[in-house]
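Structure, as structure tokens:
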Amino acid sequence: MPNASDDLFTREDPIFANKELLEINHLPGEGRIVGRDDEISDLATAVNPAIFGQSPSNVLIYGKTGTGKSLCAKYVSQRLVETAEEEGVKATFAYVDCAQDTTETQAVQTIADSVNDTAITGIKVPDKGLSTSTYYKRLWRILDSLYDVVLIILDEIDKLSDDDILMQLSRAGEAGKIAGCKLGVIGISNKIQYKDRMDERVKSSLCEREFVFPPYDANQLRDIMDARSDAFRDGVLDPSTIPRAAALAAREHGDARKAIDILRYAGEIAQSMGASTVRENFVTQARQRAETDRFRELIRGSTPHSRYVLQALAILSLSNQQQDGFRTSRVYEVYENICRQQGSDSLSLRRVRDLLKEHAFLDIIEQSKHSGGSAEGSYTKHQLLEDPDVVKDVLTENADT
Ligand SMILES: Nc1ncnc2c1ncn2[C@@H]1O[C@H](COP(=O)(O)OP(=O)(O)OP(=O)(O)O)[C@@H](O)[C@H]1O
Ligand SMILES: [Mg+2]
């Protein structure tokens, strides 16, 4: 039996010095934002007039997942507020995650609540219970009594259930809803087609400036990871580990979130194996885990049938590796088999088509239209964008629980 002086526990983490730097919600400081100088300066130019008391341009930012959109929008907004303050301009910004606040009422409530200071305005913004128009009235009063200029970041803007809030915000000044305060909207989306769905009037006022954030290349991902390598203890990271992780992540998505996840997992693998260094070969395993996480997150909360449909596509992809996509009828056959195995009634072909569409919307699969000539008419093909092995693993692990 160990006595009290024995070290039963390790007192210091042998791998990580400051693991927070690699956690999902960590907001990196200025020196750690790498490879987005042009995007940051373009954004700053668009909102710059705010500092002279003029209206900032409304901006729409597009880009695939993990390209730094949310990060840069928050960073520029924060800097604008600081600079405005130095100029004696009262400014603030509000951040809305539209995936969470999907309705107009929820979004206005969040904005009003986050910019409000009840002690000064005497205005209350309850979590719920007011009509949408009352929330708006309170928001306009708060803005006019506290600020010269306000930026509103609408992140994941495509998740909003309709355009109404965009109309209200983009026209608030013109419509005389607010008198002194200038408003700028920064919309963010990873759906490049999003704008096509927008009402023409909203489009013209909301899309004064548009920016597309490209995926990161291997060098940029490497710089991003290098800038956080002090998450690890000195000498723990093998010199080839980051370059390898960067190469892998760049080849797949150019997604910084995934690159950082890979690095964190590689460290955890080293930890669990009791290894003293984070070696390059841990990266392969870490990559698989990061990919699995990403997919698990994407399908969280989906129904059994929605999963069977994906499982069908994974089975088809694994047994026909050369083929780039499968027709709806093929997918449906395999789906029906899965339902039989599961002892569950299959849904109609039409419902399955809808489920496939939902997966396409999340970029889990890709749909392409083909013309089969006059005899056949046109048809759709579906292809998995995720690694079919990952899809199969995650779906079977779900079936067990
Ligand atoms: N240029 C960068 N420098 C340092 N870290 C970055 C950079 N770009 C992204 N990151 C980090 O990568 C992760 C993802 O970035 P961010 O959340 O901004 O992506 P996004 O484009 O908003 O993705 P999504 O569309 O999925 O919301 C964050 O943890 C962020 O800190
Ligand atoms: Mg984001």
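The values are calculated or read from the model by the stated rules, or taken from the named source; none is laboratory data. Just so it is clear, the structure is predicted and the values come from calculations on it, not from any experiment. Methodologically, a virtual Cβ is constructed for each residue, glycine included, from the backbone with ideal geometry; neighbour enumeration extends over all protein chains shown. Surface areas here come from the heavy atoms of the whole protein model, side chains and all, with no ligands, DNA or RNA. Shrake-Rupley method; radii C 1.70, N 1.55, O 1.52, S 1.80 Å.
Some observations on this one:
- Residue that is farthest from ALA46 (Cα to Cα) [pool: residues in region 125-153 that are without any contact (Cβ under 8 Å) to a residue 40 or more places away in the chain and touching a Ser or Thr at 6+ places or on another chain (Cβ under 6 Å)]: THR132
- Residues satisfying the stated conditions in region 368-401, i.e. closer than 18 Å to GLY325 by Cα and open to solvent by 70 Å² or more (accessible area, probe 1.4 Å): LYS369, SER371, GLU376, SER378, LEU385, ASP389, LYS392
Yes/no matrix, rows are residues, columns are (1) touching a Leu at 6+ places or on another chain (Cβ under 9 Å); (2) more than 16 Å from ligand 1 (Cβ to nearest atom); (3) open to solvent by 80 Å² or more (accessible area, probe 1.4 Å):
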{"site": "GLU200", "(1), (2), (3)": "no, yes, yes"}
{"site": "ARG209", "(1), (2), (3)": "yes, yes, yes"}
{"site": "PHE213", "(1), (2), (3)": "no, no, no"}
{"site": "ARG222", "(1), (2), (3)": "no, no, yes"}
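- Any hit, region 199-212, residues being out of contact with any helix residue (DSSP H, G or I) (no Cβ under 8 Å at 6 or more places or on another chain) and closer than 19 Å to GLU104 by Cα: yes
- Checking each residue in region 67-80 for being of a type outside the set (Gly, Ala, Ser), surrounded by 20 or more Cβ atoms within 10 Å (Cβ to Cβ) and more than 7 Å from ligand 1 (Cβ to nearest atom) picks out TYR75, VAL76, LEU80.
- In region 154-178, the residues that are away from ligand 2 (no atom under 16 Å from the Cβ) reach residues that are polar (S, T, N, Q) with C-beta atoms within less than 8 angstrom, at least six apart or across chains, in these pairs: SER161/THR102; SER161/THR103; SER170/ASN58; SER170/SER205; ARG171/SER205; GLY173/SER55; LYS177/GLN168.
- When VAL76, VAL89 are checked against the criterion of being touching an Asp or Glu at 6+ places or on another chain (Cβ under 8 Å) and in contact (Cβ under 8 Å) with a residue 12 or more places away in the chain, a single residue qualifies: VAL89.
- Looking across GLN285, GLN311, GLN271, one residue alone is over 29 Å from GLY63 (Cα atoms) and more than 16 Å from ligand 1 (Cβ to nearest atom). It is GLN271.
- All conditions in (1) closer than 18 Å to THR92 by Cα; (2) modelled with pLDDT of 95 or more; (3) touching an Asp or Glu at 6+ places or on another chain (Cβ under 9 Å) hold for THR132, with the sole exception of (1).
- Options ILE262, ILE269, ILE242, ILE315: the member that is assigned by the TED database to the domain that holds CYS339 and in contact with a helix residue (DSSP H, G or I) (Cβ under 7 Å, 6 or more places away or on another chain): ILE315
- Scope region 35-57; condition open to solvent by less than 10 Å² (accessible area, probe 1.4 Å) and not in a helix (DSSP H, G or I); matching residues: ARG36, PRO56
- Selection within region 334-350: residues that are surrounded by fewer than 13 Cβ atoms within 10 Å (Cβ to Cβ) and without any contact (Cβ under 8 Å) to a residue 40 or more places away in the chain. The member of this set that is nearest to HIS382 (Cα to Cα) is ARG350.
Yes/no per residue for (1) closer than 23 Å to ARG300 by Cα; (2) modelled with pLDDT of 90 or more:
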site	(1), (2)
SER317	yes, yes
PHE326	no, yes
TYR332	yes, yes
TYR335	yes, yes
ALA360	yes, no
SER371	no, no
ALA375	no, no
LEU385	yes, no
ASP393	yes, no
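- Residues that are assigned to a helix (DSSP H, G or I) and either out of contact with any strand residue (DSSP E or B) (no Cβ under 9 Å at 6 or more places or on another chain) or surrounded by 17 or more Cβ atoms within 10 Å (Cβ to Cβ) (or both) are absent from region 320-327 altogether.
- Out of GLY29, GLY53, sole residue that is within 11 Å of ligand 1 (Cβ to nearest atom) and over 20 Å from LEU160 (Cβ atoms): GLY29
- Qualifying residues in region 14-34 (those that are without any contact (Cβ under 8 Å) to a residue 60 or more places away in the chain and open to solvent by 60 Å² or more (accessible area, probe 1.4 Å)) - the one farthest from ligand 2 (Cβ to nearest atom): GLU30
- Residue in region 228-247 that is in a loop (DSSP other than H, G, I, E, B) and within 16 Å of ligand 1 (Cβ to nearest atom) present: yes
- Residues of region 219-269 satisfying the condition of being within 16 Å of ligand 2 (Cβ to nearest atom), in contact with a Phe, Trp or Tyr (Cβ under 8 Å, 6 or more places away or on another chain) and either closer than 21 Å to GLU20 by Cα or among the hydrophobic types (A, V, I, L, M, F, W, C) (or both): ILE224, ASP255, ALA256, ALA259
- For region 169-194, the set of residues classified as more than 16 Å from ligand 1 (Cβ to nearest atom), open to solvent by less than 50 Å² (accessible area, probe 1.4 Å) and assigned to a helix (DSSP H, G or I) consists of LEU169, SER170, listed by residue number.
- Among (1) in contact with a helix residue (DSSP H, G or I) (Cβ under 6 Å, 6 or more places away or on another chain); (2) part of a helix (DSSP H, G or I), the one test that GLU280 misses: (2)
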